[in-house]
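Following: one structure in structure tokens, then a few remarks.
The values are calculated or read from the model by the stated rules, or taken from the named source; none is laboratory data. From a predicted model like this one, the values you see are computed outputs, not experimental measurements. Glycine gets a Cβ as well: all are built from the backbone with ideal geometry, and neighbour counts include every protein chain shown. Remember, those area values only see protein heavy atoms, side chains included, never the ligands or the DNA or RNA. Shrake-Rupley method; radii C 1.70, N 1.55, O 1.52, S 1.80 Å.
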Amino acid sequence: EGIWHTRTADGGPPAYVVPPLAHFGNGPAGIAAYPGVGLSDRYAGHFFAADFTASAGGSKIWSLALKPKGASFEVTDLHEFVRQLVPT
């Protein structure tokens, strides 16, 4: 049924499923909202997601922001924040 698909103009998952905004990483081992105190202004209002893969070579922390898009949101500024560590 494609329940993992993101919403597109051509459709998406069934109406009873809240679709993901984007696909990145292997599934977060943790996620935190950053209020904007301590890092540069670029990261104000961003989220950080720990991507655990059991090895330092594949694990990382992603940074992303959300922007309103109609009744939902879209992911912006998605990038690797830190890599080569094993976050949990």
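Cβ-Cβ distances below 8 Å connect the following pairs, each with a first residue in region 10-24 that is touching a residue at least 12 places away in the same chain (Cβ under 8 Å), a second residue that is in a loop (DSSP other than H, G, I, E, B) and hydroxyl-bearing (Ser, Thr, Tyr), and a separation of six or more residues or different chains: 19/6; 20/6; 21/6; 22/6; 23/6. Within region 58-84, being open to solvent by less than 70 Å² (accessible area, probe 1.4 Å) and of a type in the set (Gly, Ala, Ser) holds for 58, 59, 63, 65, 72.
Inspect region 5-25 for any residue being in a strand (DSSP E or B), open to solvent by 40 Å² or more (accessible area, probe 1.4 Å) and modelled with pLDDT of 90 or more and give the result as yes or no. Steps first, please.
Start the filter on region 5-25 by keeping residues that are in a strand (DSSP E or B), which leaves 8, 11.
Filter again for open to solvent by 40 Å² or more (accessible area, probe 1.4 Å), leaving 8.
Then keep just the ones that are modelled with pLDDT of 90 or more; that gives none.
There is no residue in region 5-25 that is in a strand (DSSP E or B), open to solvent by 40 Å² or more (accessible area, probe 1.4 Å) and modelled with pLDDT of 90 or more.
Please specify each residue of region 11-48 satisfying the condition of being of a type in the set (Phe, Trp, Tyr) and within 11 Å of the chain's Cα centre (by Cα).
Taking region 11-48 as the starting set, the residues that turn out to be of a type in the set (Phe, Trp, Tyr) are 16, 24, 34, 43, 47-48.
24, 47, 48 - these are the residues of region 11-48 that are of a type in the set (Phe, Trp, Tyr) and within 11 Å of the chain's Cα centre (by Cα).
Please go through region 26-42 and give me each residue that is outside any strand (DSSP E or B), open to solvent by less than 50 Å² (accessible area, probe 1.4 Å) and of a type outside the set (Phe, Trp, Tyr), ordered by number.
Of the residues in region 26-42, the ones outside any strand (DSSP E or B) are 26-27, 34-42.
Subsequent filtering for residues that are open to solvent by less than 50 Å² (accessible area, probe 1.4 Å) retains 27, 34, 36.
Selection gives 27, 36.
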